[in-house]
Amino acid sequence: MSGDVLVIGGGLAGLLAARRHQAAGRRVVLLEAADEVGGAIAAQDLGGCPINSGAEAYSISAGAVDALAAELGLEEQIVSPREGLGSRLVSAAGVHRAPAAALLGVPARPLARDVRAVLGWPGALRAALEPLLPARLGSRDGATVAQVIQRRLGRRVLERLVAPVIGGVHSTDPESTEFAAAAPQLATGLREHGSLVRTVRHLRGRSTSSAGTRVHSLAPTMAALPAALREQLLAGGALLRTGTPATSVERTEHTWQVRTAGGEHLETAHLVLACPPDTTRDLLAEAAPAISTAIPQAPSARVRLVALLLDAPALDAFPSGTGALVAPGTPGIRAKALTHASAKWEHIARQLHEALPELTAPHLVRLSYGRPGEELPDREGLVDLALADAAAILRTPLTRKHLHDAAVIDWDRAMRQRLPGHRAALTRLTETLAAEPTLELVGSWRSGTGIDAILRAENAPTTSDSAATSPTRKEGNP
């Protein structure tokens, strides 16, 4: 079996790369080790209802995902969060509404009432001084999120605003995450505006919405997106092979040779690796050692999700809005984040009521566990822990009597940590890849976290449409 283009990896980045090459008239073969394509965009059944078991939304800041959904015929399935609810931040200081007009937790207006409620006057005043500081403070290459934020905005901003976002959304530790890689907009803005606060003010304008509401989703689940990409590829003649892991890659003078776990031998003129960085490094160790060694270390953060299907009339009031992010070290709460899915998304609430008419007040709540450096809680007893954490975050008594169904979902390799030096390493990798135009490396470890980031990287101007007979690589990123 051979094709003009062979894609290894059927997550979003792999599907998009395959789509690009197919649109340019190339024969595409895609291999995926799992039984389904989509990667971390996945769904499953809970209590008779489809739920997101991975990504549950996407950013609308660039409009790229909405445009793709429309192209795929999914426009009528695009849904917006329920308006007016907002989200919450939970810390040792209590439960507070997440400040509006913030980016990565950095507030545009440190003295605003919602920011003062979280930081107190001392923390808010310290943050308000940030525009007066020299632009060079905290801006050295390779600086971590913790180093930049604490030096420029103070410890309370770091602990109560930024750490919950970094841990809950990105599954990384601000102490070990490179600032420029985790927040490229802020890093660029600091150089251009000399201030993080001014940068956020410039980017957010007069927005009064929290980050959790600047998103869309798809009904019934986000799995509609990879499913539509799969159908489009198949309709265009692509060959998609699931349950087919690649085990080795060899380079000949004119082609790439790939072997699978089933002993198959595949040959292609152009190879796309849409794999995690460690897998990519291993596959290229002998075929392209210079590229293999240039791939940066981006260790994965294990995440364990608990979906709770509850019958709880008290939750009809949406006590924590759309959900909450929890600061590390918050007493009595082990979860790092909670999404009140049936509060955030009206289509989920409708689905629950239609599928479960026997329940008085059906609600779907999802909690996530797993901070870098912490052991995941044991699966045994985890549902009870999740009930206790949900009760504390939602400030509502929740016990087994409220539980209708539950699911525990593990993601071992979906979230990547960007260590100091990650951005410089990606630059060096790009330079090294220039010598091998028949090879592409794509994925969130290059583009950044999130569906929107992966799609923006795929649409970047560096993508070439001439890769069939004169292949070129595509540069890469919640």
Say whether the condition of being in contact with a Pro (Cβ under 9 Å, 6 or more places away or on another chain), modelled with pLDDT of 95 or more and either among the hydroxyl-bearing types (Ser, Thr, Tyr) or under 16 Å from residue 10 (Cβ atoms) (or both) is met by at least one residue in segment 222-243. yes
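Residues checked against (1) part of a loop (DSSP other than H, G, I, E, B); (2) surrounded by fewer than 17 Cβ atoms within 10 Å (Cβ to Cβ); (3) in contact with an Asp or Glu (Cβ under 6 Å, 6 or more places away or on another chain):
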| residue | (1), (2), (3) |
| --- | --- |
| 22 | no, no, no |
| 26 | yes, no, yes |
| 40 | yes, no, no |
| 56 | yes, no, no |
| 73 | yes, yes, no |
Which one is surrounded by the most Cβ atoms within 10 Å (Cβ to Cβ) among residues in segment 42-54 that are under 19 Å from the mean Cα position of the chain (by Cα) and part of a strand (DSSP E or B)? 52
Members of segment 297-313 that are farther than 23 Å from residue 48 by Cβ and open to solvent by 10 Å² or more (accessible area, probe 1.4 Å): 297, 299, 300, 302, 303, 304
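Does residue 177 satisfy being open to solvent by less than 20 Å² (accessible area, probe 1.4 Å), modelled with pLDDT under 90, of a type outside the set (Asp, Glu) and more than 24 Å from residue 111 (Cα to Cα)?
On the way: open to solvent by less than 20 Å² (accessible area, probe 1.4 Å): yes; modelled with pLDDT under 90: yes; of a type outside the set (Asp, Glu): yes; more than 24 Å from residue 111 (Cα to Cα): yes.
So residue 177 fits the description; yes.
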What pairs come up if the first residue lies in segment 131-158 and is over 14 Å from residue 194 (Cα atoms) and assigned to a loop (DSSP other than H, G, I, E, B), the second is open to solvent by less than 40 Å² (accessible area, probe 1.4 Å) and not small (Gly, Ala, Ser), and their beta carbons are under 6 Å apart, counting only those six or more places apart or on different chains? 143/179
Within segment 216-238, track down each residue that is of a type in the set (A, V, I, L, M, F, W, C), out of contact with any helix residue (DSSP H, G or I) (no Cβ under 9 Å at 6 or more places or on another chain) and outside any loop (DSSP other than H, G, I, E, B). 227, 234, 235
The listed residue being modelled with pLDDT under 90 and aliphatic (A, V, I, L, M), out of 211, 246: 211
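Listed here are the residues, each with its yes/no results for (1) more than 21 Å from residue 13 (Cα to Cα); (2) under 29 Å from the mean Cα position of the chain (by Cα); (3) of a type in the set (Ser, Thr, Tyr); (4) open to solvent by less than 20 Å² (accessible area, probe 1.4 Å).
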residue	(1), (2), (3), (4)
248	no, yes, yes, no
251	yes, no, no, no
265	yes, no, no, no
268	no, no, yes, yes
275	no, yes, no, yes
280	no, yes, yes, yes
286	yes, no, no, no
Quick check: is even one residue across segment 154-162 under 22 Å from residue 444 (Cβ atoms) and either of a type outside the set (Phe, Trp, Tyr) or open to solvent by 30 Å² or more (accessible area, probe 1.4 Å) (or both)? yes
Quick one: in segment 239-271, of everything that is in a loop (DSSP other than H, G, I, E, B) and of a type in the set (S, T, N, Q), which residue is farthest from residue 82 (Cα to Cα)? 252
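Assess whether residue 282 counts as being under 28 Å from residue 164 (Cα atoms) and among the acidic types (Asp, Glu).
On the way: under 28 Å from residue 164 (Cα atoms): no; among the acidic types (Asp, Glu): yes.
In short, no.
Taking the options 106, 90, 115, name whichever one is surrounded by 15 or more Cβ atoms within 10 Å (Cβ to Cβ) and within 26 Å of residue 406 (Cβ to Cβ).
Details: 106 fails: within 26 Å of residue 406 (Cβ to Cβ); 115 fails: within 26 Å of residue 406 (Cβ to Cβ).
The match here is 90.
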Can you spot a residue in segment 323-335 that is crowded, with 23+ Cβ neighbours inside 10 Å, outside any loop (DSSP other than H, G, I, E, B) and over 20 Å from the mean Cα position of the chain (by Cα)? no
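Out of all the residues in segment 374-383, is one or more modelled with pLDDT under 90 and either surrounded by fewer than 17 Cβ atoms within 10 Å (Cβ to Cβ) or closer than 26 Å to residue 90 by Cα (or both)?
Taking segment 374-383 and keeping what is modelled with pLDDT under 90, we get 374-375.
Now restrict to residues that are either surrounded by fewer than 17 Cβ atoms within 10 Å (Cβ to Cβ) or closer than 26 Å to residue 90 by Cα (or both): 374-375.
The answer is yes, given that some residue of segment 374-383 is modelled with pLDDT under 90 and either surrounded by fewer than 17 Cβ atoms within 10 Å (Cβ to Cβ) or closer than 26 Å to residue 90 by Cα (or both).
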Checked against (1) in contact with a helix residue (DSSP H, G or I) (Cβ under 7 Å, 6 or more places away or on another chain); (2) among the small types (Gly, Ala, Ser); (3) farther than 17 Å from residue 171 by Cβ, residue 307 satisfies every condition except (1)
Odd one out for residue 99 among (1) surrounded by fewer than 22 Cβ atoms within 10 Å (Cβ to Cβ); (2) closer than 28 Å to residue 153 by Cα; (3) in contact with a strand residue (DSSP E or B) (Cβ under 6 Å, 6 or more places away or on another chain); (4) not hydroxyl-bearing (Ser, Thr, Tyr): (1)
Among the residues of segment 392-420, write down those that are out of contact with any helix residue (DSSP H, G or I) (no Cβ under 9 Å at 6 or more places or on another chain) and not in a strand (DSSP E or B). 392, 393, 395, 401, 417
With respect to residue 139, determine if the residue is touching a Phe, Trp or Tyr at 6+ places or on another chain (Cβ under 9 Å), modelled with pLDDT under 95, of a type in the set (S, T, N, Q) and surrounded by fewer than 21 Cβ atoms within 10 Å (Cβ to Cβ). yes
Report, by residue number, each residue of segment 343-386 that is touching a helix residue (DSSP H, G or I) at 6+ places or on another chain (Cβ under 7 Å), within 22 Å of residue 169 (Cα to Cα) and part of a helix (DSSP H, G or I). 348
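The values are calculated or read from the model by the stated rules, or taken from the named source; none is laboratory data. What you see is a predicted model; the values in this text were computed from it and never measured. Glycine gets a Cβ as well: all are built from the backbone with ideal geometry, and neighbour counts include every protein chain shown. Accessible surface is based on the protein model in full, side chains and every heavy atom, while ligands, DNA and RNA are left aside. Shrake-Rupley method; radii C 1.70, N 1.55, O 1.52, S 1.80 Å.
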